[in-house]
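Have a look at the structure below before the remarks.
The values are calculated or read from the model by the stated rules, or taken from the named source; none is laboratory data. These numbers were taken from a predicted model, which means no experiment stands behind them. Glycine also receives a Cβ, built like all others from the backbone with ideal geometry; neighbour counts cover every protein chain displayed. Side chains included, ligands, DNA and RNA excluded: accessible areas come from the protein's heavy atoms. Shrake-Rupley method; radii C 1.70, N 1.55, O 1.52, S 1.80 Å.
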Amino acid sequence: MLGERLSKKQLQRVIAGEIPFDTKPRAIETTVIVADIANKYELADENDPAVYAETTEAFIRRATEHFLEAGAYIQVADGEGVVALFGFPGGEPDHADRAVRMSLGLVEAFQDFRLVNNGEAPSKCDVHVGISSGTMIAAPFKNDSQPGLLTTGEPVELARRFCVANRFYGSRILLGPRTFELASKHVVARPIDFLSGVNSQERHEIFEPLCLATEAKPESIARRDSFWNGVVLYREKRWAEAYSEFQKARGPADEAEDAPLQLYLRRLEVLALHLTEAPENK
C-alpha cells in the first residue's frame, strides 16, 4: 500500500509499529509541499524535447530523494512536479515546521542544478515551492486489483497554486496562512499578498519564508519588519509611507535582487506618478 512512497527507514518504522498506520478511511492533519522546476516552460520552448525530459527526470529524482530523506510521504512525482506530505502517516504535530525547514534546504540544494544538455553551456534551473497545511482524507483503494492509498484534500490544490504564484512574485517559496501560523515561531517569514482559494469567495494570505529563526541576523529581521510595515501601509493605501518602509527593506548592494520588494516598489512608483499627474488632468 505504501510502495516506494516512503523511505526505507520510514517504512521499517511503520512495519515495526513505531509509526502508527491506520488502514481505515480517516481525516488527517498534514502539510503539503509542491515542488516544480521554476522556468520549465521556457526550458521546454528553448530546448530539444529529449533534453527537457532528461532534465525533468533528474529534477524529479533529486527532489524526491530530498523529500524521502526528510521523512515525507510522496503522493506523486511526475512532469507537473513532486507532491509530498509531512505528518503522514505518523501524524507528527510539527509537520508544518518540518515542511518549511525542508523547503528552505531544498531551494539551497538546487542552487547548482543545471539543464542536462549534452555538454553545451548549462542553463540554470530554479525550483519553486508551494506549501499548504490542513485536513485531508486518507483511505485505501484498489487500482487494477493492486492495493493503493488515496490521499486527497484542499491543501494539495492550494499548494499547487502557491507554487505557481512564485512566477508572478519572483519568490521561490510561498506558504499559506495555516502553515505560517504553525511554523512562525521557528521561521522568519514576511507577508506577500492574497490569493483566491478553491472557492472564489475565499482569500488566502501568502507568506514567503526567508530563513530559520535561529539563523536570522538582526539586520535581516529589521528589513523583514520594514517590508511587513510596507505591506500593511500599502493595503491601507498610504502610498508615501509604504514606499518609505519598502526603501528601508532594501538589502546590501551585493545581495541578490529582492524580486517581491521590487514588485511593490514598481507598483508604488506607478501610483506616485498617477497621483502627480492627477491635478494636471483636472
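Brief remarks follow.
- Flag for Ala138 being within 16 Å of the chain's Cα centre (by Cα) and open to solvent by less than 10 Å² (accessible area, probe 1.4 Å): no
- Filtered residue count, the stretch 244-262, keeping only those that are assigned to a helix (DSSP H, G or I) and not hydrophobic (A, V, I, L, M, F, W, C): 6
- In the stretch 114-134, of all residues being among the hydrophobic types (A, V, I, L, M, F, W, C) and either modelled with pLDDT of 75 or more or out of contact with any Lys or Arg (no Cβ under 8 Å at 6 or more places or on another chain) (or both), the one that is most open to solvent (accessible area, probe 1.4 Å) corresponds to Ala121.
- Qualifying helices (runs of 4 or more DSSP H) (wholly inside the stretch 18-113; at least 3 residues being in contact with a strand residue (DSSP E or B) (Cβ under 7 Å, 6 or more places away or on another chain) and either at pLDDT below 90 or open to solvent by less than 60 Å² (accessible area, probe 1.4 Å) (or both)): 49-69, 95-109
- Contacts under 6 angstrom Cβ, first residue in the stretch 89-112 being among the aromatic types (Phe, Trp, Tyr), partner modelled with pLDDT of 85 or more and not in a helix (DSSP H, G or I), 6 or more apart: Phe110/Val127
- Condition met for Glu181 (among the acidic types (Asp, Glu) and either touching a helix residue (DSSP H, G or I) at 6+ places or on another chain (Cβ under 8 Å) or under 22 Å from Met102 (Cβ atoms) (or both)): yes
- Filter result (closer than 15 Å to Ser171 by Cβ, of a type in the set (A, V, I, L, M, F, W, C) and surrounded by fewer than 18 Cβ atoms within 10 Å (Cβ to Cβ)) within the stretch 243-264: Ala256, Ala259, Leu263
- Filtered residues of the stretch 134-152 (kept if part of a strand (DSSP E or B) and of a type in the set (S, T, N, Q)): Thr135, Asn143, Gln146, Thr151, Thr152
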